[in-house]
Amino acid sequence: MDVKQLDGQYIAGTYARFPLQIVSGKGALLTDEQGKEYIDMASGIAVNTFGACDPVWVEAVTKQANTLQHISNLYYTNPCVELAQMLCEKTGMKKVFFGNSGAEANECAIKAARLYAANQKGKEYYTIITLQNSFHGRTITTLAATGQDGFHNDFTPLTEGFVYCPANDIEALTALVKQYKCAAIMMEPVQGEGGVLPLTQEFVTAARNLCDENDMVLIFDEVQTGNGRTGSLYAYMQFGITPDVVSTAKGLAGGLPLGATLLSEKMQNVFKPGSHGSTFGGNPVCCAGAISILSRLTDDLMEEVKAKSAYVFEELASADGVKSVSGMGLMIGIETRRDASQIVADCMANGVLVIKAKNKVRLLPPLNITNEQLQKAIAVLKAACKGA
Ligand SMILES: *Cc1c(COP(=O)(O)O)cnc(C)c1O
């Protein structure tokens with residue numbers, strides 16, 4: 001039996017996979033089981049920050065795997081401490097909790113916000129405002145945080161205490177803050193799964209002000225936007241505000257499972273021994289990978305990300321069959337005249353891997369994709385947008 005049949009027989013049916021098996025890669029080039037190469041414009045959904053098998057990252061990870069792969073959070077270890085220090089020094093945040101995924105990073109953010117609100121204002125201040133069309137994960141609580149009914153229906157009852165505000169609607173946000181006893185506002189600076197839609201500066205500023213005025217916690221879900229993806233280390237840095245909690249995962253460890261919840265000065269002391277935990281959280285190998293990645297997300301690289309982004313926006317904005325282009329940095333959504341699925345299929349046939357977000361084509365290339373690879377991929381994408 002081939003892999004497709006075996007997958008169908010043995011893997012839980014949660015994924016609608018493309019008819020493609022990837023076996024290896026090098027940077028932004030991926031190879032299928034027949035040896036055909038593809039330019040990777042998705043990075044495993046914004047995970048492989050420096051593409052496949054980046055040699056610097058591989059060395060950091062293998063070195064740690066050869067030293068100690070895991071020990072549990074009952075003991076001190078160096079990689080997680082070094083990474084936490086790095087994250088704090090680069091962001092101004094004060095403390096870090098490590099988990100293993102985006103959903104877990106958000107669970108921690110939600111627990112932190114509810115604890116903070118209970119301590120400051122009382123347990124009845126538990127409501128968390130999230131945005132319509134958001135995506136925060138697949139656990140029951142992060143599903144509740146996700147403002148899309150389609151994700152909810154099969155799994156009710158979900159965790160109580162989430163209300164949803166239309167993105168970029170300051171009046172609605174203000175009304176919700178008045179109406180409910182709120183702990184927090186939680187949002188993605190650029191809605192990723194929802195269609196690569198950036199929030200407006202005005203809305204972000206308003207959310208920050210409302211949180212300040214009402215002693216609420218501003219949570220930025222930077223699971224997808226974080227770690228250099230948008231052209232700054234974290235996307236909030238481009239909005240001129242500082243959240244109270246930042247959750248991140250995807251690209252943090254460059255291809256290994258690691259989530260982090262960053263806590264600001266106001267939040268740094270909410271957790272006490274026993275109030276939260278994770279067996280794998282802060283795993284030494286994953287943290288070694290993340291240290292390697294973070295140390296390379298330099299200002300120069302961020303300028304490169306912005307330049308590549310500008311190139312893609314310019315090429316696509318005027319392209320035949322493209323209705324609109326949105327996003328930030330190398331997180332880009334393209335609204336097309338043709339069905340996005342057709343474009344994804346055409347690109348794949350022509351050696352370029354792109355993905356979708358809602359009804360858009362989504363691009364999340366490795367940050368170190370070469371200009372030549374990027375040009376080739378965009379040429380293929382433009383031809384696909386134009387259609388036969
Ligand atoms: C992917 C994603 C998540 C969920 O991350 P997992 O690692 O799949 O749990 C949460 N929030 C955002 C914004 C994401 O893009």
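The single condition among (1) open to solvent by 20 Å² or more (accessible area, probe 1.4 Å); (2) among the aliphatic types (A, V, I, L, M); (3) more than 15 Å from the ligand (Cβ to nearest atom) that L173 does not meet is (1).
Against the criterion of being outside any loop (DSSP other than H, G, I, E, B), of a type in the set (D, E), away from the ligand (no atom under 16 Å from the Cβ) and touching a residue at least 24 places away in the same chain (Cβ under 8 Å), E124 does not qualify. Condition first: under 17 Å from the mean Cα position of the chain (by Cα), assigned by TED's automatic domain parsing to the domain that holds V354 and among the hydroxyl-bearing types (S, T, Y). Can you find one or more residues in the stretch 88-105 that meet it? Looking for residues that are under 17 Å from the mean Cα position of the chain (by Cα), assigned by TED's automatic domain parsing to the domain that holds V354 and among the hydroxyl-bearing types (S, T, Y), one finds none in the stretch 88-105, hence no.
Among residues belonging to the stretch 100-110 that are within 8 Å of the ligand (Cβ to nearest atom) and part of a helix (DSSP H, G or I), point out the one that is surrounded by the fewest Cβ atoms within 10 Å (Cβ to Cβ). Taking the candidates together, the pick is A103. Can you find, within the stretch 200-226, the residue that is most open to solvent (accessible area, probe 1.4 Å) among those that are more than 12 Å from the ligand (Cβ to nearest atom) and touching a residue at least 40 places away in the same chain (Cβ under 8 Å)? Among those that are more than 12 Å from the ligand (Cβ to nearest atom) and touching a residue at least 40 places away in the same chain (Cβ under 8 Å), it is D215.
Selection of the stretch 317-340 for residues being in contact with a Lys or Arg (Cβ under 7 Å, 6 or more places away or on another chain) and assigned to a helix (DSSP H, G or I) yields only A340. Within the stretch 317-334, the set of residues being without any contact (Cβ under 8 Å) to a residue 40 or more places away in the chain and crowded, with 16+ Cβ neighbours inside 10 Å comprises just one member, V325.
For residues in the stretch 232-254 being crowded, with 24+ Cβ neighbours inside 10 Å and part of a loop (DSSP other than H, G, I, E, B), which is farthest from the ligand (Cβ to nearest atom)? Looking at residues that are crowded, with 24+ Cβ neighbours inside 10 Å and part of a loop (DSSP other than H, G, I, E, B), I get D244. Elements of the type strands (runs of 3 or more DSSP E) sitting completely within the stretch 1-71 and holding at least 3 residues that are within 16 Å of the ligand (Cβ to nearest atom) and either open to solvent by 70 Å² or more (accessible area, probe 1.4 Å) or at pLDDT 95 or above (or both): there are none.
One residue stands out in the stretch 111-122 among those that are open to solvent by less than 10 Å² (accessible area, probe 1.4 Å) and within 22 Å of the chain's Cα centre (by Cα): the one that is farthest from V270 (Cα to Cα), namely A113.
The values are calculated or read from the model by the stated rules, or taken from the named source; none is laboratory data. Computed from a predicted structure; not experimentally measured. Counting neighbours? That spans all protein chains shown, and the Cβs are built from the backbone with ideal geometry, glycine included. SASA here: full protein model, heavy atoms, side chains in, ligands and nucleic acids out. Shrake-Rupley method; radii C 1.70, N 1.55, O 1.52, S 1.80 Å.
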